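Take a look at the structure below.
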Amino acid sequence: MSTTFRDILNQKSWISYEDYIAEGINQYSAELSKDIAEGRKHKKAIRDFLEKNFKIKKIPNDLTAEKNLLASGNVVGIDGTIATHKTITGTMAQLGVVAVNYLNEKIQHSYFISEAKYKQDINDVTDYLYSHETVNKVVSAPVLRAALQVRERELGLDDKFKDKYKVYHGPLIPFEMLANPGKAEMKILDVTVEILEKIIANRKCFSIVSRSQNDAYIRIGLSLNSGEYIQLKKSVGLEIVEDRTLLKDKDRWREDDFLKVNNFINQRAMKIKVGVIKISQRPYVFHAHEEIFDLAARLIARDAMFQKEKGFPLLVDYADNLCSTYFKASDFNKIIEYQLAREGEFLSEMSEETLRQK
């Protein structure tokens, strides 16, 4: 029997607060206990499936070589952050990216992007208003995200770190970099595909995904024992091919762009393999070139041992913390708000939600 929307609405409800207090909390607790018990049964079934169909690999006890790579600065953590402020003239954004190793050798780059710059030459009022509609935005959220991902990957290919191993935060080949956000005349793919090809050719780049969108992968990982990892039978390229939303609607693509993305996926992205690793309690998805897949797993494992309860590479957290320190969104917004106040436009620009914050 299929589930209908009405079924979801009618799962459970209380029409008085008193009834909710009397029954709700106990009901939530009981449902959760039942779900956990059910999950444990599925976990065992998944483990049996993995043992029959996959090679479950064990992280070796001796990781001296990997520790030496980390301690000598030959592994670099890379992360970035975006801060945005929407004004009447358009979106303003700050991109901040950091690359760092355990010798505390760092690269910190920041970039400023203003949408208003691309609207200053519009003289016709109707055209100006039309340019601010959502579908016509130049600096949209997907465009900003792609820009950040390009800047992060550029950092790993900087001469200072080019020959070292690089661990990125998030998918190594982000879907957004191939989804061709923005207008065709922006030629985003000319930039994104070029940098991704360099990342794959470098062979020393891998990534850890802290919040995987694929729940099936996480459930696979929960069935692993601590210190185990597997290589899934899908490459990143195959994942993208199977996501029919990217290349299915051929009419929305220019022919050159379609061929460029399709060739990249089939000739390059297939070399990036998908793994799931579990160092402590929480499993994580990671991406690595097929030639360094097992080494990437060992480096992730050894670095995660510096914070074993979390089971996540410390170097990536280090880069993330530096990003938060150097490029705080709150600091960026204060700069913009201060200038708006100086110009006498603070109250007209601030949203009602911002003004009512206590």
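The values are calculated or read from the model by the stated rules, or taken from the named source; none is laboratory data. Model, not experiment: these values are computed from the prediction. In this analysis, Cβ positions are derived from the backbone assuming ideal geometry, glycine residues included, and neighbour counts consider all displayed protein chains. The accessibility values were calculated without ligands, DNA or RNA, using every heavy atom of the protein model including side chains. Shrake-Rupley method; radii C 1.70, N 1.55, O 1.52, S 1.80 Å.
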Open item on the list: I'd like the residue in region 177-193 that is over 13 Å from residue 147 (Cβ atoms) and among the hydrophobic types (A, V, I, L, M, F, W, C) and, out of all such residues, is modelled with the lowest pLDDT.
Closed with: 184
Task: Members of region 73-111 that are under 21 Å from the mean Cα position of the chain (by Cα) and among the aromatic types (Phe, Trp, Tyr) - done: 111
Task: Candidates 54, 5 - the one that is within 30 Å of residue 306 (Cα to Cα) and not polar (S, T, N, Q) - done: 54
Open item on the list: Residue under question is residue 322, and the condition is that it be under 28 Å from residue 110 (Cβ atoms) and open to solvent by 40 Å² or more (accessible area, probe 1.4 Å); does it hold?
Closed with: no
Open item on the list: One residue is enough: does region 60-74 have a residue meeting the conditions in contact (Cβ under 8 Å) with a residue 40 or more places away in the chain, farther than 30 Å from residue 323 by Cα and not charged (D, E, K, R)?
Closed with: yes
Open item on the list: Against the condition crowded, with 20+ Cβ neighbours inside 10 Å, touching a Gly at 6+ places or on another chain (Cβ under 6 Å) and within 21 Å of residue 50 (Cα to Cα), how does residue 273 come out, does it pass?
Closed with: no
TODO: Please state which one of 218, 240, 199, 230 is surrounded by 20 or more Cβ atoms within 10 Å (Cβ to Cβ) and modelled with pLDDT under 90.
DONE: 240
- [ ] Can you confirm whether region 38-56 contains a residue that is open to solvent by less than 90 Å² (accessible area, probe 1.4 Å), touching a strand residue (DSSP E or B) at 6+ places or on another chain (Cβ under 6 Å) and under 29 Å from residue 222 (Cβ atoms)?
- [x] yes
Open item on the list: Tell me which strands (runs of 3 or more DSSP E) are completely within region 1-115 and hold 1 or more residues being at positive phi, or say none if there are none.
Closed with: 90-100
Open item on the list: For region 254-270, check the following and say yes or no: at least one residue is hydrophobic (A, V, I, L, M, F, W, C) and assigned to a loop (DSSP other than H, G, I, E, B).
Closed with: no
Open item on the list: Name the residue that is modelled with the lowest pLDDT, counting only residues in region 243-252 that are closer than 19 Å to residue 174 by Cα and either open to solvent by less than 100 Å² (accessible area, probe 1.4 Å) or in a helix (DSSP H, G or I) (or both).
Closed with: 244
Open item on the list: Return the residues of region 77-120 that are of a type in the set (S, T, N, Q), more than 29 Å from residue 204 (Cα to Cα) and open to solvent by less than 20 Å² (accessible area, probe 1.4 Å); say none if nothing qualifies.
Closed with: 87, 91
